[in-house]
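Reading through the structure tokens given below for one structure.
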Amino acid sequence: MLVVLLYSIAFAYPAGERTTYGALALAFLGLASTLPTLAGAFFSGALADRYDRASVMRTVNLVSLLATAGLASDLVFLPAQAVALPGPAGFYLPLWVLLLYPGWAVVAASTTLFRPAFNASIPRLVAATDFPAANGAIYATAAGVSAAASLGVGVVLSLVAPAYALGVAFVLFFGSQVALLFVRTDLSVVRRGARPSLAKDAVAGYAFLARRRGLLQLTVAALVTNFLSAVALVELALYVASWLDLSSGIWYGAIVGTSTLGVAVGFVVAPRLKFEARAGRAIIVFTLAMGLAILALGLVRSIWLALPIVFVYGLMPGMITTVFLSTVQATVPDEMMGRVFSADEVGSMALIPAGQYTGGLLTLSVGVQGTYLDAGGAIVVFGLLIAASFGSMRRLGYHPADPRSSEVG
């Protein structure tokens, strides 16, 4: 979906306006989902720990499906009126771009509600010793499908209008809905004692996370790293169009698809590293490598160099996610797990929209290359900082044979 939306917005303006008006329009896409995403993340874990997780997933995925249909309708009709907004002199948004923002906000919020319920369901299906392999296999499959879809969307964008390319996302959401109808495992949650209000349930998840110092430091690290990554990656369409000077949608699809393929490989590779006892240290190393990859993207101007670099970048979040999911699933009680995942969602994602907006402003100020050099360099510096000062995160880990008794931070 983002391939279509970011590409459509980047090319909604004439070439001379893409690094000014286009950069801000891309930043507003991320900013539009800030409050809905945070609200969804705040309550998502409480919902996952109160109700049957399969029902939660089916409901919110249906919302994503309907919102995708609404976005496609906007791209079909393309209302062309210009809406003047504060910003650089003469800044405007085409009305059809403005209408994309609320649709994307609904999709972002509903998928945020989906993730804690899904991730907290995995321990019902596999033993603790198999968490890394299970998470790796599940997410590698998902990332592989996403990579193929991104490449396919790039091809479709070069042949037909974006509305038809968005049909790929609709088909994937529809396929998820059908698959969820066949879930037969009981994914309801057994709770002891009286059930508090939804808000109190949500707050209890944050209180639990605050007591687990290693997981708390990891959440803070993710907060900053995701912010800095978003600064660069929200401008990826402009990176391809302006810095690499490639106008065909197939190249943007190739960049996104290659990155997603890297994520898929990262999910497969991570379980082979036997990271369980040194999970925190592994995440620190992967964070440093992520920063170096973004930095390298700002130093090359060839698509053939950018593709392998973005593949290496993609490896890192795949491995980080596998490490984090397995550690939480192995050490957090089932009745609290959805809320811990939810608290991490809020902490990890809270600054992503702000990072996307900052990326637009930074690109206006220092250009596309400067944005990538600044963001990548800042991640490297921050990675060194957490390596030196986040002691509990360095000690984060568990023993697969006896996960519940392991120290986490």
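The numbers here are math on the coordinates, done by the rules we state, and not lab data. Source: prediction; values computed, not measured. As a convention, Cβ positions derive from the backbone with ideal geometry for all residues, glycine included, and neighbour counts pool all protein chains shown.
Filter the chymotrypsin sites (Phe, Trp or Tyr not before Pro) in region 78-153 down to the DSSP loop ones having no more than 16 other Cβ atoms within 10 Å, then list what survives.
Values: sites: Phe91, Tyr92, Trp96, Trp104, Phe114, Phe118, Tyr139; in loops: Phe91.
Within region 78-153, the qualifying chymotrypsin sites (Phe, Trp or Tyr not before Pro) (loop, at most 16 other Cβ atoms within 10 Å) are Phe91.
Quick check on region 215-285: take the gyration tensor over C-alpha atoms, sort the square-rooted eigenvalues as a ≥ b ≥ c, and tell me if it's rounded (a/c under 1.5), prolate or oblate.
Oblate is the answer for region 215-285, as a/c is 1.5 or above yet b/c matches or exceeds a/b.
Please identify the helices of the chain, taking whole runs of DSSP H, that span at least 20 Å along their own axis as judged from the Cα atoms and have a mean Kyte-Doolittle score of 0.0 or higher. Walk me through the numbers on the way to the answer.
On the way: long enough: 34-50 (25 Å, 0.68); 53-77 (37 Å, 1.10); 95-119 (37 Å, 1.10); 131-157 (38 Å, 1.39); 167-181 (21 Å, 2.06); 198-211 (21 Å, 0.71); 213-233 (29 Å, 1.49); 249-269 (30 Å, 1.61); 279-297 (27 Å, 2.14); 303-331 (43 Å, 1.56); 334-349 (23 Å, -0.14); 352-389 (34 Å, 1.14).
Helices meeting the span and hydropathy rule in the chain are 34-50, 53-77, 95-119, 131-157, 167-181, 198-211, 213-233, 249-269, 279-297, 303-331, 352-389.
Report the Cα centroid-to-centroid distance between region 132-198 and region 272-294 in angstrom, as an integer.
Here the two parts' Cα centres lie 26 Å apart.
Just want the ordering: Asp186, Asp344, from fewest to most Cβ atoms lying within 10 Å of their own Cβ. Working shown, then result.
On the way: Asp186 11, Asp344 26.
The order, fewest Cβ neighbours first, is Asp186, Asp344.
Would you look at the GNM of the chain, springs on alpha carbons closer than 10 Å, and say which of Val83, Val380, Val240 moves the most?
Val83
Mean-square fluctuation check for the chain, GNM, Cα pairs under 10 Å: which of Leu273, Leu24, Leu157 is largest?
Between Leu273, Leu24, Leu157, it is Leu273 that shows the largest mean-square fluctuation.
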